[in-house]
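Asks: So that we are looking at the same thing, I have put the structure below in structure tokens.
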């Protein structure tokens, strides 16, 4: 199947999806539009990966959770390889390690290879785990014999690979394989490729195995300038990686992050003679570090968007595992106070919330300290309020 000239990636996706449906090449789940398409013969194609020496040698393989790759996941388990599967949409981390129960039968292994098995027979793999992936298997909507790949358009495979580079889980020599139907192997104009796009070294179809010999460099890490605050808000582990890279001195400015943000809840210097009107609230209420008497058990979130809702913040807190005992919402002042049971819990929350974005705003995060013994009454803060001056560096 040949693509039309002068077309976009999305044009190619639609062309492939339409063709697979019209020719009845698609398999469950259907329709295949907006998916990595499953196809009739996908299990046969997956079996063909055994012809690759790189699969025979691998001990630890990362396989995407897409339906057409189910056969590769099963083969990896049957071959006693360590199988890592990305968490769907990276909501709760990067990888899950699939661990079949002792003495698992072939039927149990088949269940382990399905999306249900990924949920029921897996354990999370954290950033600090010593993971060294020998082989990466990804799904594709289209791929060329030169190794140029087009996914379904959400960018997760590209981002997962870049994150693996950042955490040292892959090297430039780690081979990448994709499993597709023959009709998905087409010419792709090189002009469509971008720096963050993942290329593949091998293409496996029901009828053949293609070594692409691709020499185009793979992503060398996360391109933060390509990532939006909205994406950061959805992916907790990405925020953790961003915090680590910032601490290492790397440029981690996001695509739509205001360049005027100086971090640490700090504000740009005022223009000489500038006067703030009495009704104009400050752009954010930044947050303080621990007091002299020891660490506080309250975390201050500042620089909240003007249209932010408490439900959005609560959802973000749940995603990173930083749910407080209670929350004081101070929307007009563009901040919120998170109250934890112990100082250690508050310190952990500060770590997990680094790099948090709500909407287009990168919020400030730091410990706060009470200046008096007065506390919350009925969910509202009585004056005097916690001191929330800048102290802890923010992303």
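Asks: Could you list, in sequence order, all residues of region 351-366 that are modelled with pLDDT of 80 or more, more than 13 Å from residue 321 (Cβ to Cβ) and out of contact with any helix residue (DSSP H, G or I) (no Cβ under 6 Å at 6 or more places or on another chain)?
Replies: Pass one, region 351-366, residues modelled with pLDDT of 80 or more: 353, 363-366.
The next check asks that each one be more than 13 Å from residue 321 (Cβ to Cβ); those that pass are 363-366.
Matches in region 351-366: 363, 364, 366.
Asks: If you don't mind, there's one more thing I want to ask. Would you check if there is a residue in region 30-45 being within 21 Å of the chain's Cα centre (by Cα), surrounded by 15 or more Cβ atoms within 10 Å (Cβ to Cβ) and either closer than 18 Å to residue 203 by Cβ or without any contact (Cβ under 8 Å) to a residue 12 or more places away in the chain (or both)? Talk me through it step by step, then tell me what you get.
Replies: The first filter runs over region 30-45 and keeps only residues within 21 Å of the chain's Cα centre (by Cα), leaving 34-36.
Filter once more, keeping what is surrounded by 15 or more Cβ atoms within 10 Å (Cβ to Cβ): 35-36.
After this cut, where a residue has to be either closer than 18 Å to residue 203 by Cβ or without any contact (Cβ under 8 Å) to a residue 12 or more places away in the chain (or both) as well, the list is 36.
Checked region 30-45: at least one residue is within 21 Å of the chain's Cα centre (by Cα), surrounded by 15 or more Cβ atoms within 10 Å (Cβ to Cβ) and either closer than 18 Å to residue 203 by Cβ or without any contact (Cβ under 8 Å) to a residue 12 or more places away in the chain (or both).
Asks: Given (1) touching a helix residue (DSSP H, G or I) at 6+ places or on another chain (Cβ under 7 Å); (2) surrounded by 21 or more Cβ atoms within 10 Å (Cβ to Cβ); (3) not in a loop (DSSP other than H, G, I, E, B), where does residue 183 come up short, assuming only one miss?
Replies: Failing condition for residue 183: (2).
Asks: Specify the residue that is modelled with the highest pLDDT; the eligible residues are those in region 206-227 that are loosely packed, with under 15 Cβ neighbours inside 10 Å, under 25 Å from residue 45 (Cα atoms) and out of contact with any helix residue (DSSP H, G or I) (no Cβ under 8 Å at 6 or more places or on another chain).
Replies: Among residues in region 206-227 that are loosely packed, with under 15 Cβ neighbours inside 10 Å, under 25 Å from residue 45 (Cα atoms) and out of contact with any helix residue (DSSP H, G or I) (no Cβ under 8 Å at 6 or more places or on another chain), the one modelled with the highest pLDDT is 211.
Asks: May I ask you to list the residues in region 209-226 that are in contact (Cβ under 8 Å) with a residue 60 or more places away in the chain and out of contact with any strand residue (DSSP E or B) (no Cβ under 6 Å at 6 or more places or on another chain)?
Replies: Going through region 209-226, the residues in contact (Cβ under 8 Å) with a residue 60 or more places away in the chain turn out to be 209-210, 212-214, 216, 219, 222-223.
The answer is 209, 212, 213, 214, 216, 219, 222, 223.
Asks: Kindly check whether there is at least one residue in region 256-266 that is modelled with pLDDT of 85 or more, out of contact with any helix residue (DSSP H, G or I) (no Cβ under 8 Å at 6 or more places or on another chain), part of a loop (DSSP other than H, G, I, E, B) and farther than 15 Å from residue 336 by Cβ.
Replies: no
Asks: For residue 170, are the conditions met, namely being buried (at least 23 other Cβ atoms within 10 Å of the Cβ) and in contact with a helix residue (DSSP H, G or I) (Cβ under 6 Å, 6 or more places away or on another chain)?
Replies: yes
Asks: Out of region 116-138, which residues are surrounded by fewer than 20 Cβ atoms within 10 Å (Cβ to Cβ), more than 18 Å from the chain's Cα centre (by Cα) and more than 22 Å from residue 240 (Cβ to Cβ)?
Replies: Within region 116-138, 116, 120, 134 meet the criteria.
Asks: In addition: Could you list all residues from region 19-50 that are part of a helix (DSSP H, G or I) and farther than 22 Å from residue 106 by Cβ?
Replies: Selection gives 19, 20, 21, 22.
Asks: Look at residue 71 and say whether it is within 22 Å of residue 17 (Cβ to Cβ) and outside any loop (DSSP other than H, G, I, E, B). Walk me through it before giving the result.
Replies: Working: within 22 Å of residue 17 (Cβ to Cβ): yes; outside any loop (DSSP other than H, G, I, E, B): yes.
It is true that residue 71 is within 22 Å of residue 17 (Cβ to Cβ) and outside any loop (DSSP other than H, G, I, E, B).
Asks: What are the residues in region 308-331 that are surrounded by fewer than 15 Cβ atoms within 10 Å (Cβ to Cβ) and at pLDDT below 85, if any?
Replies: 315, 318, 321
Asks: Now a separate question. Can we say residue 205 is closer than 22 Å to residue 8 by Cβ and more than 15 Å from the chain's Cα centre (by Cα)?
Replies: For residue 205, the condition - closer than 22 Å to residue 8 by Cβ and more than 15 Å from the chain's Cα centre (by Cα) - is not met.
Asks: Going through region 52-68 one residue at a time, which ones are under 11 Å from residue 177 (Cβ atoms) and either outside any strand (DSSP E or B) or more than 25 Å from the chain's Cα centre (by Cα) (or both)? Talk me through it step by step, then tell me what you get.
Replies: Initially, region 52-68 is screened for residues under 11 Å from residue 177 (Cβ atoms), giving 52, 54-55, 58, 61-64.
Result: 52, 54, 55, 58, 64.
Asks: Go over the candidates 56, 76 one by one and state the one that is in the same structural domain as residue 155 (by TED's automatic domain parsing) and either on the phi > 0 side of the Ramachandran plot or surrounded by 15 or more Cβ atoms within 10 Å (Cβ to Cβ) (or both).
Replies: Among 56, 76, only 76 is in the same structural domain as residue 155 (by TED's automatic domain parsing) and either on the phi > 0 side of the Ramachandran plot or surrounded by 15 or more Cβ atoms within 10 Å (Cβ to Cβ) (or both).
The values are calculated or read from the model by the stated rules, or taken from the named source; none is laboratory data. Since the structure is predicted, the reported quantities are computational estimates derived from the model, not experimental observations. Neighbour counts are summed over all protein chains in view; Cβ atoms, including those assigned to glycine, are modelled from backbone coordinates with ideal geometry.
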